[in-house]
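All remarks here apply to the structure that follows.
The values are calculated or read from the model by the stated rules, or taken from the named source; none is laboratory data. Fair warning: this is a prediction, and the values are worked out from it, not measured in the lab. Note that each Cβ is placed from the backbone with ideal geometry, even for glycine, and that neighbours are counted across all protein chains shown. Heads up: the accessible areas ignore ligands, DNA and RNA and are worked out on the full protein's heavy atoms, side chains in. Shrake-Rupley method; radii C 1.70, N 1.55, O 1.52, S 1.80 Å.
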Amino acid sequence: MTSEHQEIAEPARRPVNIFRVLLLGSAMAVPCAFWLQYAEMVQREGLFAWESALPLPAVAGLMLLVVLSGILKALGVERWLPRGEILLVYLFLLISVPLASIGLAQSLLSHLTAGHYSGAQNSLALDPLPDWIAPNDPAHLNALYERTPEDVTFSIWSAPDGGSYGAWLLPMAKWMIFLAALFGFCLCVGLLIETQWTVSERLRHPLTAPALELTASGPTRLLDRPLVSNPVMWFGVAWSVFYCGSAVLAAFIPTFKALYFSTVIGPLRVSYRPIVLGIAYLAPTNLSLSIWVFEFVKAGQKLLGDFFGLSGLRGTTLPTSQARFPFHSEQAMGAFICIAFISFWMARGHILQVMKSVIGDEPNEEQRRIRRALTGLVVCGGVMLAWLILNELWSGGVLMLLVMTLFIALTHARIRAEAGAPVIGTKPFAADLMMVSMVGSLHFSGPSLAQLGLFGFLSHGYFPLLLSTQIDSLKIAREALLRRRDLIVTLFAALLVGSFVGIWSLLYFWYGDGAENLLSWPIRGAQRSFRAAVAHMKYQSGMDWYASSALAAGFLFTALLSALRRWFWFWPLHPLGYAISQTSSTHLWGMFLVAWAIKAAVMRYGGVRAYRTTVPFFFGIVFGQIGMQMVGNLLKYFFNVRIYISAF
């Protein structure tokens, strides 16, 4: 560490009232979780935290706290809700809110119960699994999946006949040990690489900018004046209110036509996605360029496949394999693995420093911090391994899935740190199914395939991708001079509170309305995992050479793009753009194209000063859109009308 870095680190010990942070965060997490479950599971539209890297309830909570803080300061009570506490509560919500959605609760509970509820067709995949994983007796499953009769006494505190909240306590307590260890492992990885990414490589972390700028009370590195008092931002807010207000009017006045832009150009879809546009404007220009250029390349691959009759080409007879030419998900997996390796290579100097800190006799504060992170990494990894062995869930397949999941999480964090892609689903689809179909089911034992069906919640859900939020949280803590100790306590408290409230709120709606009558995507994903496990046991197959070749091609092409960027300073295409284009987040490219065009023009004709002047407008678009999204959800709840406000 240089002296400059040490000067940055020294004042970062600004204490906060951590008790007030945890109390306020927990109090806000409970209504957010129930509101989220209602919007997603019952209304089947609305907040959709699983789409957003900036969950709408969390950002709405941040906006509410900023307003409340301003009121308190106007009343002369400045010691309440300082900037550090507002940011920590926001980070609390960033972790806890997605846990109620597909981030954990919806995906985990579906995988623990859907296989048993589907009946004897999954018995081959369920028999090798231990009985403790969830309460799976028929009466309980019927109460959970089928609508509760109107005459059955049911409340938020007591489950209907045949069901029981208490039956979930022991299984969830056991699962929380594993999940806390995995969360801690990812956090320790973040602690080890955050300095390299933030200080050495100077990655921008665009998704941290809205919170940092909204809570700033003076000039920042990005803006010359506070965001709230900047009139340019309010023009952006006004545009979002005008645009979304048309959707609100259309819901109450059938003859009124809402403003909505979406069109299809061949295999490409272009839609107005305001939050994506606002964040894309902060991303590096070459990365924005690469995202839309490689989306055209992706469309070209599909057109070539159709022209030469290759669209149905596949290399395995497994009925569960979704690998088809041009093997986009397999290309994405190869790109993600390559970027993870490149990240390690670029951090080799930092890794060497980490290794030296282990054997150093007189470590400084930074080295002691690294030692603690390494110790946590080893302890959390050991707890996960011991948990799997003691609970009879250990196999080579599960280990491969965990390693692959961590590679995906690391590259996803890299995408967030550089591009700020505000969609959490920017990742290869169904890594567990892809792994088995590529390697061949012949190479996995029956128990291993059954365990992969159970742990499908790691690849179908987004819990490991919280590594991205953890690293963004470390960036916010560095910029806002927050103590890491307070941050770590906040993140783990958010994990516990968010998991408990998320599972509780989901069970409440499942017991009350019947899981089969609500949003079916999580349940279908879980049933697909177990059907795949059964199919893999029945239909033995070898390696899928087509899919494996696509993965290798994605790896090599990403390595070539990285080498070209290193060899030629003028090379415009970024390997992350290729990785993003091959995922299912196909709706990102249009807004990155618009942001690239606007930013390139502003920088060319107005320079950095003009860019800094226009940035608040795009922040205003983001905050205005989120505010109107929350208003739309409230109106839908109270007036039972359908209001479509596009967010992502």
Shape parameters for the stretch 364-513, alpha-carbon atoms, Rg then Dmax in Å: 17.9, 57
Solvent accessible area, Å² - S262, 1.4 Å probe, full protein context: 40
Tail fraction, Cα-Cα pairs, the stretch 566-648, threshold 14 Å, whole percent: 77
Pair R524, A139: separation of 7 Å Cα→Cβ label points (nm): 3.3
Protection proxy ranking, peptides 461-474, 591-604, average beta carbon neighbours within 10 Å, highest first: 461-474, 591-604
Centre separation in Å (Cα based) which lies between the stretch 608-648 and the stretch 475-509: 25
The stretch 476-553 - Rg and Dmax from Cα coordinates, angstrom: 21.4, 57
Fraction in percent of alpha-carbon pairs per bin - 5 Å, the stretch 188-336: 2, 6, 9, 12, 13, 13, 12, 12, 11, 6, 3, 1, 0
Over the chain: helical MRE at 222 nm, DSSP H runs n ≥ 4 each giving -39500 (n - 2.57), nearest 500: -21500 deg cm²/dmol
Kirkwood-based shape ratio for the stretch 492-648, expressed as Rg/Rh from alpha carbons: 1.08
Distance in nm between pseudo-label sites at L634 and A601 (7 Å out along the Cβ direction from Cα): 3.6
Per-peptide average of other Cβ atoms within 10 Å, ordering 535-547, 383-395 highest first: 535-547, 383-395
Proximal lysines to K427, defined as alpha-carbon separation beneath 30 angstrom and excluding residues fewer than eight positions away on the same chain: K174, K298, K302, K475, K538, K599
Length gained when the stretch S200-F344 is fully extended (0.36 nm per residue, less Cα-Cα span): 50.5 nm
Cα-projected label distance for L560 with L68, points at 7 Å along beta-carbon direction, nm: 5.5
Kirkwood hydrodynamic radius of the stretch 514-570, Cα pairs, Å: 15.4
Order by protection proxy (mean Cβ within 10 Å, highest first), peptides 92-105, 189-202: 92-105, 189-202
Length released on extending from T220 to W132, taking residue separation times 0.36 nm less the Cα-Cα span: 26.4 nm
Full-extension gain in nm, F235 to E516, via 0.36 nm per residue minus C-alpha separation: 96.7 nm
Global form of the chain, assessed from the alpha-carbon gyration tensor, a/c cut-off 1.5: rounded
